[in-house]
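> This structure is in structure tokens; I'll ask about it shortly.
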Amino acid sequence: MAEILNVQGLETQFRTREGTVHAVNGVSFSLKEGETLGIVGESGCGKSVTVMSMLRLIPSPPGKVVAGSAMYQGKDLLKATDEEIRHIRGSQISMVFQDPMTSFNPVLTIGRQVAEPLEIHSAVSRQQAYDRAAEMLAMVGIPNAKDRLNDYPHQFSGGMRQRVMIAMSLICTPQILIADEPTTALDVTIQAQIVDLVKRLRDELGMAIIWITHDLGIIAGLADRVAVMYGGFIIEHAPVKELYTNPTHPYTMGLLGSLPRLDVSGRKRLTSIEGIPPVLLEAPHFCPFAPRCKYAVDRCWNENPGDFNVGPDHTAACWVDTKTGRER
Amino acid sequence: MGRFVVRRLLWLIPVILVVSGITFILMHSAPGGPWDRDLSARQVDPNTQRLLNEYYGLDKPLWRQFVAYIIGDYNKDGSFKCGLVCGNLGPSYRQRGLTIQQILFMPPEGKNFFYSRFGYSIRLGVYAMLFAVILGVPAGIISALKQNTWADYISLFIVTIGISVPNFVIAIFLIIIFASWLHVVSIVPRSWDQVDVWILPAIILGFGTMARTARLTRASMLEVMRMDYVRTARAKGMAERLVIFRHMLKNSLIPVVTMLGPSLAALVTGSFIIETMFGFPGMGRAYVTAIGQRDYSMIMGTTLIYAVLVALANLSVDLTYVLLDPRIRLD
């Protein structure tokens, strides 16, 4: 399948009073048509900043994309004019945000907000846009969709609002849907409903998805490929099955070790990763995971590892071969 | 909604009672009375004073006077004279033959309501308000959008002056600059029908409110700008101007609009210093004069009108809240 998005060497920094925060440090990935890419990592590892940089939604100042490219349909999103990127946002690449409570404007009706992308990007009348909005709401499983167009966000529950959010992001049938932790603010049963909904819509509409989460469990059933991020780097990147059966980077291994598994028999203690995530105030010149890594060797402290091929379509950024414990 | 309004209006009754009680006590604690303190004029002889007191009921005990003011009392001839409960604010003790209602609300011959004392004060208050809003809201929005630039700092400078300097001090400076030096406005107008003589009093009166409006607009705009839904709007591909006008403005103006109701009441009722400085024929100056002259019923009447205005302004805030913010429901 054809590649629709290719991000290379993306670097984003924030100027703050304490110094420059190196939030994203050269991230590269690509996305094929209809494919689902999961980006996993703990809070503050640069997942959201990566996708927001792509769509230029980083508040600037203080944020700034300092290097890299994001090719979409032969155009570099990072170098596009404001007008060009505006036409892509919401119509071809759209986003679903984490907190459905705060991501809607409290004083505008749901119908207005859901219809808005269509009104902006295509020459339809308001009535047509509202009709389409009602269809979309019905599609994501809002009962009495037509009547609810005139309701305000506070009249919806959290799960319903996230459905509305998804309807809003898909109303222009985008090629790429970026879901930035869409289930984090919801309780577990609602999470499962949302994930099922997105899967169904993906099969119906055929868009590609970038799904950001810190929950490896959700990604397992949803993504085709997974990129694990740490300290502003993608430290491991693999097809989903390969990653779960054959994790190679010590951080990925740690993450998986901290998850309860139903498919492995026998009683096993869950492990945790010692230490705290790095403060990204210094330019990264050594492996950001080294301070927490039990495999770390001298080289990890002096040089940042590049991506090593460790399997079919599987890369890991680590100086140590964790299978053998030897340096590469 | 209807029930809420009725309930709030009923609350006016205890408010008026308490306000009039306090005013009554304070007023009568001040030494002197309506007939004996006008040093500029010939003193009224004691016998006449006694007759006047008797005529107006000022010789009765204070509690009786208060009851007479609120409910009413029997005249000498046995007829009942209704008080505040009938909407009767009583006769003025100093302006012969006029009731308080006539002094405050009756326009001169052949003019409309807006030429009464109350009307003049309302007009001045509204002009001051317009000045405050037309300048204050855009200034606040621009300062927020251009936070920490020279535009923001200039507006901050003016706003700080407006908040910290009392308006009569600003008034003196502006009078010196624009009237004495530049001669662009006259401060002793022959007639208040001219437009230009309103400019200075309105600007001075509205200056503090303008500053507070700008400050509040800026603060609430800055808060709204960081909201998630603004990011959502941008992610939809909305043009920045539309993001500002459709998604930020309404949200950020909710607190501002709710401040404006009480501000208008404060401008209409709080203009007595400016009215006195400019010799303005409004209610505020009449109020100050009445206090100096111990014109008891005039003091009571004006205070109560002010109290009602403030109460209505507060009610209007609650009602505008409902219009602006769909999350708020009354009762």
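The values are calculated or read from the model by the stated rules, or taken from the named source; none is laboratory data. Bear in mind the structure is a predicted one, so any value in this text is a computation, not a measurement. Virtual Cβ from ideal backbone geometry, glycine too; neighbours counted across all protein chains shown.
> Is one or more of the residues making up segment B:112-125 closer than 17 Å to B:Arg212 by Cβ and out of contact with any Cys (no Cβ under 8 Å at 6 or more places or on another chain)? Even if it seems obvious, please write down each step before you answer.
Looking only at segment B:112-125, we keep the residues that are closer than 17 Å to B:Arg212 by Cβ, and these are B:125.
Subset that is out of contact with any Cys (no Cβ under 8 Å at 6 or more places or on another chain): B:125.
Yes; the residues of segment B:112-125 include at least one that is closer than 17 Å to B:Arg212 by Cβ and out of contact with any Cys (no Cβ under 8 Å at 6 or more places or on another chain).
> Let me ask something else about it. Here are some conditions: (1) within 29 Å of B:Ala290 (Cβ to Cβ); (2) at pLDDT 90 or above. B:Ile158 meets all but one. Which one does it not meet?
Against the list (1) within 29 Å of B:Ala290 (Cβ to Cβ); (2) at pLDDT 90 or above, B:Ile158 comes up short only on (1).
> Then there is this: Looking only at segment A:144-164, how many residues end up being touching a residue at least 40 places away in the same chain (Cβ under 8 Å) and part of a loop (DSSP other than H, G, I, E, B)?
Here the count works out to 5.
> Can you report the number of residues in segment A:83-112 which are within 23 Å of the chain's Cα centre (by Cα), more than 7 Å from chain B (Cβ to nearest Cβ) and among the charged types (D, E, K, R)?
Residues meeting the conditions: 1.
> Picking from B:Ala219, B:Ala214, B:Ala307, B:Ala286, which residue would you name as being more than 14 Å from chain A (Cβ to nearest Cβ), under 18 Å from B:Ser116 (Cα atoms) and assigned to a helix (DSSP H, G or I)?
Only one candidate passes the filter, namely B:Ala286.
> Given the conditions (1) under 26 Å from the mean Cα position of the chain (by Cα); (2) over 25 Å from B:Asp318 (Cβ atoms); (3) buried (at least 23 other Cβ atoms within 10 Å of the Cβ), and given that B:Val188 satisfies all but one, which numbered condition is not satisfied?
Result: B:Val188 passes all but (3).
> One residue is enough: does segment B:103-111 have a residue meeting the conditions within 30 Å of B:Val256 (Cβ to Cβ) and hydrophobic (A, V, I, L, M, F, W, C)?
Within segment B:103-111 (the criterion being within 30 Å of B:Val256 (Cβ to Cβ) and hydrophobic (A, V, I, L, M, F, W, C)), the answer is no, since none of the residues qualifies.
> Inside segment A:79-91, can you point out the residues that are surrounded by 14 or more Cβ atoms within 10 Å (Cβ to Cβ) and either under 22 Å from A:Thr213 (Cα atoms) or without any contact (Cβ under 8 Å) to a residue 60 or more places away in the chain (or both)? Write out each step before concluding.
Within segment A:79-91, the first condition is being surrounded by 14 or more Cβ atoms within 10 Å (Cβ to Cβ), and the residues that meet it are A:80, A:85-91.
Correct list: A:Ala80, A:Ile85, A:Arg86, A:His87, A:Ile88, A:Arg89, A:Gly90.
> Could you please find all residues in segment B:310-331 being within 14 Å of chain A (Cβ to nearest Cβ) and either in contact (Cβ under 8 Å) with a residue 12 or more places away in the chain or not β-branched (Val, Ile, Thr) (or both)? Step through it out loud before you land on a result.
We begin by selecting, within segment B:310-331, every residue within 14 Å of chain A (Cβ to nearest Cβ); these are B:320-329.
Passing the criteria: B:Thr320, B:Tyr321, B:Val322, B:Leu323, B:Leu324, B:Asp325, B:Pro326, B:Arg327, B:Arg329.
> Right, another one. Which strands (runs of 3 or more DSSP E) does segment A:33-127 wholly contain that include 2 or more residues that are of a type outside the set (A, V, I, L, M) and farther than 16 Å from B:Val230 by Cα? Reasoning before the result, please.
Values: elements: A:36-40, A:63-72, A:93-96.
Ranges flagged: A:36-40, A:63-72.
For every residue, the table says whether it meets (1) more than 30 Å from A:Glu35 (Cα to Cα); (2) in the same structural domain as A:Val24 (by TED's automatic domain parsing); (3) at pLDDT 80 or above; (4) not charged (D, E, K, R).
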residue	(1), (2), (3), (4)
A:Ile235	no, yes, yes, yes
A:Pro247	no, yes, yes, yes
A:Gly257	no, yes, yes, yes
A:Pro260	no, yes, no, yes
A:Pro278	yes, yes, no, yes
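> Identify all residues within segment B:258-315 that are aromatic (Phe, Trp, Tyr) and under 15 Å from the mean Cα position of the chain (by Cα); write none if there are none. Don't jump to the end; show me each part of the working.
Pass one, segment B:258-315, residues aromatic (Phe, Trp, Tyr): B:272, B:278, B:280, B:287, B:296, B:306.
B:Phe272, B:Phe280, B:Tyr287, B:Tyr306, listed by residue number.
> Mind counting the residues in segment B:43-73 that are among the hydroxyl-bearing types (Ser, Thr, Tyr) and more than 22 Å from B:Gly21 (Cβ to Cβ)?
The first filter runs over segment B:43-73 and keeps only residues among the hydroxyl-bearing types (Ser, Thr, Tyr), leaving B:48, B:55-56, B:69.
Now restrict to residues that are more than 22 Å from B:Gly21 (Cβ to Cβ): B:48, B:55.
Result for segment B:43-73: 2.
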